[in-house]
Amino acid sequence: MTKRQRIVVVGHGMVGHRFAQAAVERGLTETHDVLVLGEEPRAAYDRVALTSWFAHADGDGGSDALSLLPGGEYDDPRVRLVLDSVVTEVDRAARTVTVVSPPSAVGSRDGRQNALLDQQGVPGAVTVHEYDVLVLATGAAPFVPPVEGRGKDGCFVYRTIEDLEAIQAASAAATSGVVIGGGLLGLEAANALVQLGLDTHVVEMAPRLMPVQLDDGAGSTLVRHIERLGVTVHTGVVTEAIEGGSSVTGLRVRQAGTDEGAPTQVVDAQVVVFSAGIRPRDALARECDLEVAPRGGVLVDEQCRTADPHVFAIGECAAPGGTMYGLVAPGYAMAEVVVDALLDGPGTFTGADMSTKLKLLGVDVASFGDAFATTDGSLELTYADAVAGVYKKLVVSEDGSRLLGGILVGDASAYGVLRPMVSSGLALPDNPEQLILPVGTGAGIQLGMPDEAQVCSCNDVTKADILHAVTDQGCESVGDVKQCTRAGSTCGSCVATVKNIIEDHFASVGRVVDKGICEHFRLTRQALFDVVAVHGYRRFDDIVAAHGTGRGCDVCKPAIASILASQTSTHILEPATAELQDTNDKYLGNIQRNGTYSVVPRIPGGEITPDKLIVIGEVAKDYGLYTKITGGQRIDLFGARMEQLPAIWRRLVDAGFESGHAYGKSLRTVKSCVGSTWCRFGVQDSVGLAIALELRYRGLRSPHKLKGGVSGCARECAEARGKDFGVIATEKGWNLYVGGNGGATPAHARLLAGDLDTATLVSYLDRFLMYYVRTADRLQRTSTWIEQLDGGLDRVREVVVDDSLGLGAELEAEMARHVGGYEDEWRATLEDPTKLERFVSFVNAPDTPDPSIAFTTERDQIQPIAPALIPVGAPA
Amino acid sequence: MSTVAVALTPVCAVSAVPLEGGVAALVSGEAVAVFRTHSGEVFALSNVDPFSGASVLSRGIVGSRGDAPVVSSPMYKQAFDLRTGACLDDETVSVPSYDVSVVDGVVHVGSVRPVGEVT
Ligand code: SRM
Ligand SMILES: Cc1cc2nc3c(=O)[nH]c(=O)nc-3n(C[C@H](O)[C@H](O)[C@H](O)COP(=O)(O)OP(=O)(O)OC[C@H]3O[C@@H](n4cnc5c(N)ncnc54)[C@H](O)[C@@H]3O)c2cc1C
Ligand code: SF4
Ligand code: FES
């Protein structure tokens, strides 16, 4: 038997992690043990999405959300991960690495089958590990230019979660911040400072923002967008010094191109973030005499191998053919190439697509291919609309036949179609300008994309890979394809294209990919909602006559009933809508397996007086109903025959109860903990708020049911983060979380906004809920709705918190109309004889109970007997 | 007196059956669901949902599937052809359908029809 080989990976960043994953998936661990040594205190995380950490930055939620290896361990025991460990030396002759491990990390992951285990570290000590193969994946470090004063308190870089923690902490006491560097990362850092509430400046030495990706026209369009968001942009200036004593107070700058001694200007700032580029972390290689490229990076060949056949380098620390790549996709490709090489495969890395697409502070920016028209004879086509803030440029070959590259600012919707055209060399249409003209002036040409076109550049997934996943691996949705191919799982910019490919495919094989809700309507729920709003329809007949076919079904009718209810606040059993309702709504109760109904009175926030408890008990006793405390902090009475419902509700309404809407796609409960009134830890009155919210949103018809929760402190006894909207008290106010649920696919709610006063909280909630009611699909809970919104939670935040669409007031007004128009459905039903007509067992024998309903007794309460088991002639 | 066959039981005024809705009636001890479509046609099926055994079909949503007028069961949503009782989601299942007629504004339900016979 050949001896197992030992691979040591230095660095557990994005690329080191991908290497380990690929080693497991491709069977390399059958013959090799892998030891991964990581310097950071946590396992690899999604650095590309680093900025989103702020959105979850309560507790450690953000770090969890970003983690690429949430359990901290690989499933395969032959891969061992040791964190908090810095490799300080490589001895190529002895084939060993020297590691310094702080005490916290060592000894925590022992007891596993691994040939490297016998070299386990000792707390706080230096250990030496032997290797047969060494993979350097040490990434890059931010470059901090030698500016006077750069060591002062308040100076930061932007690379790790620890950096963000430090920036966040410093921002609490600061009013303004400045980012040095107006590149991609600098603008992202500026975005973070804005989110942290700082008056934010960006200084850039070049005459425009993102000088590497954008030309002047695009750069100035971007400046306009960014300034509108409150960031002050200073281009063409150099930083002379950081001002202040031990802490930063400002930044002294002068015009680029002027000499030292020329007039300067000071930008006030208590926080300075350096984002002036990155440098490969190639020190280990230098020290063991491996060659590095002139501009940094471990020099490797097409298999990512250094001159020493036992040593490889991948990711940002590597320079294949002398070039280092500051993006994750090339790093992933390198990781795959090395795994392939170790399996004796033929894979090579020969360069990468450096296209970028991102959303900066809500602005689309994309740059791809030969964006600067450096190819001989190439031509530029530009389209700019200063008012709309859109700049688009295409670079085409001399004969106009091929697309070479382009830049898009303000509207990058064409990126998904254009970028693959560059990589695949697809012929351009006759009038290529159509590709960048706004829709309506003749654009919107749908281009056939060749199968080999790369769709997801982060994970190198082609159109063919996606089609294969759909045709041969049973994938049906973007989510499935993401799991199968990883397409869309990194930066997310390709998701729309992936979705189109899936839908086009289904359409081409004749499978109806109708986004219509059912055979009667070729419209989505959202489109139906708009149609109803625009035309002011009140009757199904008018809607189906104008926009549908046939006579409707159990899908479209309840959906339209719900849309009409959320737009008009009229009683759901009015003649125009009664027959559209799903059975539960039609009888204002939940149907049970034997055809009886349940009765759920509202008990807002779970708070109930003894007197009311007694009424519930008496009603249950008098009607022989089964009672149960529900999972929603209230009481359910089961086994009511349909014709009994009015009498039961009469008793309940008279005692001050109202419908709990357990039957509707509407607000169920706002669960509450006991809160500051009683609980020794509570910091706010969670019960009071839960009741107020439950009463505010009760009866609101929505695409799916809605649940809320309010906890009085971070201990979260109300499980608010398991709800569609969850509120957790803080010392300063309330944190608002959205998009949680239990059920079939549980999801944790994520932070929408923090430390809100009650009025702001309510206005955000009004907007959030109405935005959801307006735009979600039928039966889509808030979590899936947010996931499928273009832009996800950030989009929701833009609309709800930043009011970027200017819809805030309108959404709040709609909610105010709902709140004002609310009436208890059961009370109104009891008061209207025509609505009561339906509550009879038989139209011709209203006093005869349904003979198919019968009960037995268990644990002292009734239990239904399955109808088939009831002996003929048995008494009900 | 109108010429009504003896086997027909009057159950209710046709106006008591909601348009695109249903009511349950007791006919010779059996629960029968009487439906009225948008065009005013009246149909009668057994009220018992064969999938759950519960007597509930009259509470389903009435609409169409293709050209067929249907009711979907309120329990698990299978659609039944109002004309025949055939389940459109499971061809092995059907519910009994009844002769029905409207005379002088009153719905009369007759006897169970042989399976497969269309009005
Ligand atoms: C009664 C209750 C179970 C209990 O005895 O505790 C219950 C009973 C039903 N649940 Fe539930 N759910 C009940 C709490 C829950 C909870 C727990 C909670 O709310 O904290 C959950 C998980 C949390 C969540 O929703 O995020 C829950 C997840 C579901 C789901 C799955 C939803 C999902 O998004 O996957 C359904 C199915 C649906 O709504 O489509 C469902 C549907 C149902 C229905 C309405 C099914 C139906 O249409 O007949 C059940 C009938 C209720 C009735 O007859 O009154 N029930 N259900 C609870 C009533 C709470 C209340 O007071 O209103
Ligand atoms: C804010 C931000 C946004 C970004 N956005 C994008 C984007 O939109 N698209 C894109 O493609 N890329 C983006 N990037 C770049 C992307 O994150 C990197 O390309 C990617 O992380 C590189 O992976 P890596 O594994 O080579 O390096 P890293 O992820 O940095 O991992 C290297 C790891 O090695 C560890 N290490 C270093 N030396 C040692 C040692 N001696 N011993 C032990 N461990 C060591 C480091 O601590 C680190 O954990 C972004 C980066 C940042 C910071
Ligand atoms: S969440 Fe906090 S306030 Fe509420 S009951 Fe739990 S510990 Fe008390
Ligand atoms: S292109 Fe980044 S995830 Fe697909």
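The values are calculated or read from the model by the stated rules, or taken from the named source; none is laboratory data. On a predicted model such as this, the values are computed, not experimentally measured, just so you know. Don't worry about glycine lacking a Cβ; one is built from the backbone with ideal geometry, like all the others, and counts go over all protein chains shown. Surface accessibility is based on the protein's heavy atoms, side chains included, excluding ligands, DNA and RNA. Shrake-Rupley method; radii C 1.70, N 1.55, O 1.52, S 1.80 Å.
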Over segment A:484-502, the set of residues at pLDDT 80 or above and assigned to a helix (DSSP H, G or I) is A:CYS484, A:THR485, A:VAL498, A:LYS499, A:ILE501, A:ILE502
Restricted to segment B:61-76 and to residues being open to solvent by 20 Å² or more (accessible area, probe 1.4 Å) and assigned to a loop (DSSP other than H, G, I, E, B), the residue farthest from the other protein chains (Cβ to nearest Cβ) is B:TYR76
Here the residues within segment A:67-81 that are among the hydrophobic types (A, V, I, L, M, F, W, C) and over 11 Å from A:VAL34 (Cα atoms) are A:LEU68, A:LEU69
Discussion item. Just checking, does segment A:856-872 include any residue being in a loop (DSSP other than H, G, I, E, B) and touching a helix residue (DSSP H, G or I) at 6+ places or on another chain (Cβ under 8 Å)?
Written reply: no
Checked against (1) under 13 Å from the mean Cα position of the chain (by Cα); (2) under 21 Å from A:LYS557 (Cα atoms); (3) more than 8 Å from every other protein chain (Cβ to nearest Cβ), B:VAL23 satisfies every condition except (3)
Q.
Against the condition open to solvent by less than 20 Å² (accessible area, probe 1.4 Å), within 12 Å of ligand 1 (Cβ to nearest atom), over 28 Å from the mean Cα position of the chain (by Cα) and not β-branched (Val, Ile, Thr), how does A:SER659 come out, does it pass?
A. yes
Is segment A:192-199 home to any residue that is of a type in the set (A, V, I, L, M), assigned to a strand (DSSP E or B) and outside the structural domain of A:PHE54 (by TED's automatic domain parsing)? no
Going through (1) farther than 30 Å from A:LEU418 by Cα; (2) away from chain B (no Cβ under 14 Å); (3) among the small types (Gly, Ala, Ser) one by one, A:GLY552 fails only at (2)
In the set A:LEU779, A:LEU805, the lone residue that is assigned to a loop (DSSP other than H, G, I, E, B), within 14 Å of another protein chain (Cβ to nearest Cβ) and away from ligand 3 (no atom under 16 Å from the Cβ) is A:LEU779
Within segment A:699-721, the residues that are more than 12 Å from ligand 1 (Cβ to nearest atom) and either under 30 Å from A:LEU580 (Cβ atoms) or of a type in the set (S, T, N, Q) (or both) are A:GLY699, A:LEU700, A:ARG701, A:SER711
Among residues of segment B:37-60 being out of contact with any Lys or Arg (no Cβ under 9 Å at 6 or more places or on another chain), in a strand (DSSP E or B) and more than 10 Å from chain A (Cβ to nearest Cβ), the residue nearest to A:PRO849 (Cα to Cα) is B:SER46
Within segment A:420-431, identify whether any single residue is within 25 Å of A:GLY219 (Cβ to Cβ), modelled with pLDDT of 75 or more and part of a helix (DSSP H, G or I), and answer yes or no. yes
Return a yes/no flag: does segment A:677-694 have any residue that is over 14 Å from A:ALA718 (Cβ atoms), away from ligand 3 (no atom under 16 Å from the Cβ) and part of a loop (DSSP other than H, G, I, E, B). no
Of the residues in segment A:729-768, those that are within 16 Å of ligand 1 (Cβ to nearest atom), outside any loop (DSSP other than H, G, I, E, B) and buried (at least 21 other Cβ atoms within 10 Å of the Cβ) come to A:TYR737, A:VAL738, A:ASN741, A:ARG750
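Residues checked against (1) open to solvent by less than 20 Å² (accessible area, probe 1.4 Å); (2) at pLDDT below 75:
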position: A:VAL82; (1), (2): no, no
position: A:VAL86; (1), (2): no, no
position: A:ARG92; (1), (2): no, no
position: A:VAL99; (1), (2): yes, no
position: A:GLY107; (1), (2): no, yes
position: A:VAL135; (1), (2): yes, no
When segment B:99-119 is checked residue by residue, the ones that are open to solvent by 10 Å² or more (accessible area, probe 1.4 Å) and either within 14 Å of chain A (Cβ to nearest Cβ) or of a type in the set (Val, Ile, Thr) (or both) are B:VAL100, B:VAL102, B:VAL103, B:VAL106, B:HIS108, B:VAL112, B:VAL115, B:VAL118, B:THR119
Reported set for segment A:507-519 where residues are more than 20 Å from A:ALA776 (Cβ to Cβ) and surrounded by 15 or more Cβ atoms within 10 Å (Cβ to Cβ) is A:GLU519
Worksheet item: Condition test on A:GLU694, is it more than 16 Å from ligand 2 (Cβ to nearest atom) and surrounded by fewer than 22 Cβ atoms within 10 Å (Cβ to Cβ)?
Response: no
Expected single match for away from ligand 1 (no atom under 15 Å from the Cβ), open to solvent by less than 40 Å² (accessible area, probe 1.4 Å) and not acidic (Asp, Glu) among A:SER686, A:SER666, A:SER676, A:SER672 is A:SER686
Of A:ASP504, A:ASP530, the only residue that is surrounded by fewer than 17 Cβ atoms within 10 Å (Cβ to Cβ), among the acidic types (Asp, Glu) and more than 21 Å from A:TYR772 (Cα to Cα) is A:ASP504
| request: Kindly indicate whether A:ALA714 is in a loop (DSSP other than H, G, I, E, B), open to solvent by less than 10 Å² (accessible area, probe 1.4 Å), assigned by TED's automatic domain parsing to the domain that holds A:PHE681 and within 16 Å of ligand 3 (Cβ to nearest atom). | output: no
If we ask which residues in segment A:454-464 are free of Cβ contacts under 8 Å to residues at least 60 places away in the same chain, in contact with an Asp or Glu (Cβ under 9 Å, 6 or more places away or on another chain) and not basic (Lys, Arg), their number turns out to be 4
Of the listed residues (A:GLU316, A:GLU260, A:GLU243), the one being within 16 Å of A:HIS201 (Cα to Cα), away from chain B (no Cβ under 14 Å) and more than 16 Å from ligand 3 (Cβ to nearest atom) is A:GLU243
Practice item. Answer yes if at least one residue in segment A:401-408 is farther than 29 Å from A:ALA285 by Cα, modelled with pLDDT of 85 or more and touching a Pro at 6+ places or on another chain (Cβ under 8 Å), and no otherwise. Key: yes
On the basis of being within 14 Å of chain B (Cβ to nearest Cβ), open to solvent by 40 Å² or more (accessible area, probe 1.4 Å) and either farther than 30 Å from A:ASP541 by Cβ or within 12 Å of ligand 1 (Cβ to nearest atom) (or both), does A:ARG651 make the cut? no
